[in-house]
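The structure under discussion appears below in the form of structure tokens.
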Amino acid sequence: MDRKFERLQEIIESHEGRVSHLIAILQEVQEEYRYLPEEVLTYVATAMDISPATVYGVATFYSQFSLVPRGKYIVRVCDGTACHVRGSEPIHQALRESLELASGQTTTSDMQFTVETVSCLGACGLAPVVVINGDEVHGQTTKEAIVKAVKKIVSQEQQEENKNSSEMGCCQNA
Amino acid sequence: MLRSRAELNAFKEKALTKINSIEKRILVCAGTGCVANGSLKIFDRFKQLLNERPELAVDLELQKEHSHQGVDAHISGCHGFCQMGPLVRIEPRGTLYCKVQLDDVVEIFEEHIINNRLVTRLLYHDYQSQSPVETQDEIPFYKNQFRIALANCGRIDPDSIEDYIAHDGYQSLSRVLFEMTPDEVIREVLDSGLRGRGGGGFPTGRKWLFAREASGEKKYIICNGDEGDPGAFMDRSVMEGDPHRVIEGMMLAGYAVGADEGYIYVRAEYPLAVKRLRHAVATAVKSGLLGENILGSDFNFKINIKEGAGAFVCGEETALIASIEGERGMPRPRPPFPAVSGLWGCPTIINNVETLANLPAIVLKGAEWFSSIGVSTSTGTKTFALAGQVAHTGLVEVPMGLTLKEIVFDIGGGLRDNKVFKAVQIGGPSGGCLTREHLDLPLDYDSLQMAGAMVGSGGLVVMGEDTCMVEVAKFFMGFVQNESCGKCVPCREGTRGMLELLNRIVTGGGTEEDLSLLEELALIVKDGSLCGLGKTAPNPVLTTLKYFRSEYEAHVRDKKCPAGVCKDLLDYRIDPSTCKGCGLCKKLCPADAISGERKEPHWIDQEKCIKCGTCISKCKFGSIVTN
């Protein structure tokens, strides 16, 4: 078996290949790959003995699933009613501007950030809310604060990259 | 492992003795809101301080015996006063400390715990008088509340089954198993007048009766935790703060209708609720409260947890069932109703989280007690999620029939930043808007329906005079259009058509004919859609058209947005009396619409202005004004 699909097979087997677990299987698969590549969907269908159309149908129905690659950091701007009336849209726009996302584009070209809106995170008491990678919650935030938080991640990533490249440089010299 | 009723009661007594031996109990809120503000670090610091003073600490683990009085620190579920978080409650007095920071922990510990002195600066200060309020119950936000579903939220540790049992947990279960027949349980719920808290308001007992009478060996109970209405978060709070209550409610329903298996369907956006529920189910299984021959009776029950994947329509019963079966979450026509043919074709009861959370109290205290709360056709309490431009945001559980004014002004403290009340949006995208004239309207199922709105899930978003109602209607239409599953034409095409019309109106291209077209389309979608999503989707449009028609007319007739929200309808002007002529706006304007000499007042060419708002956001002197 292709090594790439080994983990995939493990996930399917842990659910005993049950069709009623398809959503849970796709959730785990997405966690692994960060999105659902087409060949993965086909593999899931064959392994579970259901049509690729069924798998594709489920994968495209639920907003949690993505069929295109997403960034390392997923920034979700809550656009529930409470956040909306407290100005979530300007925050969303400011984020997009600071990450230089063109119209229609949701993921930065370096695959670092994906900016999306989400209907409601249920943290209305803290409106407006932005969540980074599911667990970093920024409540009662502002344009300035959230852009600053994202810029901080950018510079951390750059430092990390510089460190890695300088280490690689050392190795080459040696 | 609890094998009998006597063992449960003995366990309760033991747990109570331990709790009563605690002299002071520190409860740190670990709801989503407070966790986001760092409450877990605060809890860790309390724990650390306690560890440094072993003579004070008391261990609640039941295995260990102890005899001295002491101090104990625990996490708790959501208190509902999220805006004031992180919250720390100290019992037995019920002192509530608000907006506690990590650096405040030592002071609370030294002053309150050791020296019995209040840390006044961290108490809640009254909105008007600014005087400190010591206990949680005296705070206006809590004073008028009546908590049944949320009774334990913020008072017990959601991860501790001992704590739940000590607070009468699983007593209702034990009562029905040994004292009541399934028919008696259904009768009790019917008599209580409990109606579904998820939106529809269908009498819970009557729904159960259908499933009880339906033929079939296998029946299911589903707990609907797919709380998708933007602006509502009471179900999240109950699942996170008191998960055992949800489990007990499901078991009562299971016993009544003859089901031995249940599913809890939780939306993907609530990871903490999933975690707490999983833990609660596992401990209930370990304690013998879930499984076979529960407490020595012949009742069996197991619970599975299913996570949603982000689809609002899955809150609809038949769509939710399809989703549990692993399919696209699309609704199907009813009848047959799920109570007759639901999950895998078996009779299935779907109850909302808040509905289930009311059941243990109804069984324990009786139908008469429950029906004495609220008003005649809407008994009991309802939890509302108060949000938007209100001074105190959070969850409030109040008797049915309280007026809008009492909730927004007495409990919510009125509007923030001295804004003027304009409207509330109640019941999410399925609900409607209420205006100033409804301030004395009692909030119950029937009164709201008559006003064209609905209780819905209980989201209550308060809006001030600077909110544009047309834009709000467009916001909700955008939401339902996006969430429409696409199965039936009226909803799929109708919501799209309405959104297009609304877009045209807010960008200045609308005509008066568009308003009547919008109204006509709304009625068609309402009548023709397959499921509740489509049937209620036009409500925000219809109620705003009814109560704020003049605002719509201003948009189409005068091309003006009275609230000053719709950008395309604004005229930007420079106030010559305050403009310093710094030239910043002129430099930044992408359309070259601004001209003027340095140090002289500038002006905007309306022909060229693209209304992007750059100038207004950059002007340091506030000289750029809109009409």
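The values are calculated or read from the model by the stated rules, or taken from the named source; none is laboratory data. Keep in mind it's a predicted model, so treat the numbers as computed, not measured. Virtual Cβ from ideal backbone geometry, glycine too; neighbours counted across all protein chains shown.
Across region A:129-144, what is the total count of residues that are within 11 Å of chain B (Cβ to nearest Cβ) and touching a strand residue (DSSP E or B) at 6+ places or on another chain (Cβ under 7 Å)? Selection size over region A:129-144: 6. Scanning region B:309-325 for residues being farther than 15 Å from B:Val353 by Cα and either more than 8 Å from chain A (Cβ to nearest Cβ) or modelled with pLDDT of 95 or more (or both) gives a total of 8. The C-beta contact set for region B:594-616 (first residue assigned to a helix (DSSP H, G or I), second residue among the charged types (D, E, K, R) and at pLDDT 90 or above, distance under 9 angstrom, 6+ apart or interchain) comprises B:Cys615/B:Lys586.
Give region B:410-442 a look and list any residue that's over 25 Å from B:Thr536 (Cβ atoms) and either among the β-branched types (Val, Ile, Thr) or without any contact (Cβ under 8 Å) to a residue 24 or more places away in the chain (or both), or say none. Selection gives B:Ile411, B:Asn418, B:Val420. Residues in region B:221-234: is at least one aromatic (Phe, Trp, Tyr) and either closer than 21 Å to B:Ile148 by Cα or buried (at least 24 other Cβ atoms within 10 Å of the Cβ) (or both)? Yes: one or more hits. Among B:Asn300, B:Asn304, which is the only one that is more than 14 Å from chain A (Cβ to nearest Cβ) and surrounded by fewer than 18 Cβ atoms within 10 Å (Cβ to Cβ)? Every option except B:Asn300 fails the conditions.
Filtering region B:530-554 to residues that are more than 14 Å from B:Met498 (Cα to Cα) and of a type in the set (Gly, Ala, Ser) leaves B:Gly532, B:Ser550, B:Ala554.
Here is a yes/no grid of residues against (1) over 43 Å from the mean Cα position of the chain (by Cα); (2) surrounded by 15 or more Cβ atoms within 10 Å (Cβ to Cβ):
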{"position": "B:Cys582", "(1), (2)": "yes, yes"}
{"position": "B:Lys587", "(1), (2)": "yes, no"}
{"position": "B:Ile594", "(1), (2)": "yes, yes"}
{"position": "B:Glu607", "(1), (2)": "yes, no"}
{"position": "B:Lys611", "(1), (2)": "no, yes"}
{"position": "B:Thr614", "(1), (2)": "no, yes"}
{"position": "B:Cys619", "(1), (2)": "no, yes"}
{"position": "B:Ile624", "(1), (2)": "no, yes"}
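Restricting the search to helices (runs of 4 or more DSSP H) fully inside region B:154-219 and requiring at least 3 residues that are touching a residue at least 24 places away in the same chain (Cβ under 8 Å) and under 20 Å from B:Phe370 (Cα atoms) gives B:171-179, B:182-192, B:204-213. Select from region B:452-493 the residues that are more than 8 Å from chain A (Cβ to nearest Cβ), of a type in the set (A, V, I, L, M) and in a helix (DSSP H, G or I) and list them in ascending order. Those that are more than 8 Å from chain A (Cβ to nearest Cβ), of a type in the set (A, V, I, L, M) and in a helix (DSSP H, G or I): B:Met469, B:Val470, B:Ala473, B:Met477, B:Val480, B:Val489. Report yes if some residue within region B:436-448 is in a loop (DSSP other than H, G, I, E, B), within 19 Å of B:Leu194 (Cβ to Cβ), away from chain A (no Cβ under 12 Å) and at pLDDT 90 or above; otherwise report no. Yes. Set side by side, the residues A:Gly87, A:Gly17, A:Gly57 differ, and just one is among the small types (Gly, Ala, Ser), over 22 Å from A:Gln112 (Cβ atoms), within 12 Å of chain B (Cβ to nearest Cβ) and under 23 Å from the mean Cα position of the chain (by Cα), which is A:Gly57. May I ask you to say which residue of B:Lys487, B:Lys567 is touching a residue at least 60 places away in the same chain (Cβ under 8 Å) and of a type in the set (Lys, Arg)? None of the other options fit; the residue is B:Lys487.
Cβ-Cβ contacts under 9 Å between residues 6 or more apart (or on different chains), taken from a first residue in region B:491-518 that is within 30 Å of B:Pro331 (Cα to Cα) and modelled with pLDDT of 95 or more to a second residue that is aromatic (Phe, Trp, Tyr) and part of a helix (DSSP H, G or I), are listed as B:Leu518/B:Tyr552.
When B:Gly388, B:Gly374, B:Gly329 are checked against the criterion of being over 27 Å from B:Gly258 (Cα atoms), small (Gly, Ala, Ser) and within 13 Å of another protein chain (Cβ to nearest Cβ), a single residue qualifies: B:Gly388. Scanning region B:58-82 for residues that are closer than 24 Å to B:Cys153 by Cα and at pLDDT below 85 gives B:Val58, B:Asp59, B:Leu60, B:Glu61, B:Leu62, B:Gly70.
When A:Ala102 is tested against the conditions (1) out of contact with any helix residue (DSSP H, G or I) (no Cβ under 6 Å at 6 or more places or on another chain); (2) more than 23 Å from B:Ala268 (Cα to Cα); (3) touching a residue at least 40 places away in the same chain (Cβ under 8 Å); (4) more than 9 Å from every other protein chain (Cβ to nearest Cβ), the lone failure is (3).
The lone criterion from (1) among the aliphatic types (A, V, I, L, M); (2) touching a Pro at 6+ places or on another chain (Cβ under 7 Å); (3) crowded, with 20+ Cβ neighbours inside 10 Å left unmet by B:Leu150 is number (2). Of the residues screened, B:Gly249 is one that is in contact with a strand residue (DSSP E or B) (Cβ under 8 Å, 6 or more places away or on another chain), within 20 Å of B:Lys12 (Cα to Cα), crowded, with 23+ Cβ neighbours inside 10 Å and more than 14 Å from chain A (Cβ to nearest Cβ). Restricting region B:99-129 to residues that are under 28 Å from B:Pro399 (Cα atoms) and among the polar types (S, T, N, Q) leaves a set whose member that is modelled with the highest pLDDT is B:Ser129. Of the numbered conditions (1) in contact with a helix residue (DSSP H, G or I) (Cβ under 7 Å, 6 or more places away or on another chain); (2) over 13 Å from B:Val28 (Cα atoms); (3) part of a helix (DSSP H, G or I), B:His112 satisfies every one except a single condition; which is it? Status for B:His112: all satisfied but (1). Taking the listed residues B:Gly508, B:Gly486, B:Gly432, the one that is among the small types (Gly, Ala, Ser) and either touching a strand residue (DSSP E or B) at 6+ places or on another chain (Cβ under 6 Å) or closer than 21 Å to A:Asp79 by Cα (or both) is B:Gly432, with no other qualifying.
Identify, from the list A:Val115, A:Val147, A:Val77, the residue that is more than 10 Å from chain B (Cβ to nearest Cβ) and either over 27 Å from B:Glu471 (Cα atoms) or assigned to a helix (DSSP H, G or I) (or both). Sole residue among the options that is more than 10 Å from chain B (Cβ to nearest Cβ) and either over 27 Å from B:Glu471 (Cα atoms) or assigned to a helix (DSSP H, G or I) (or both): A:Val147.
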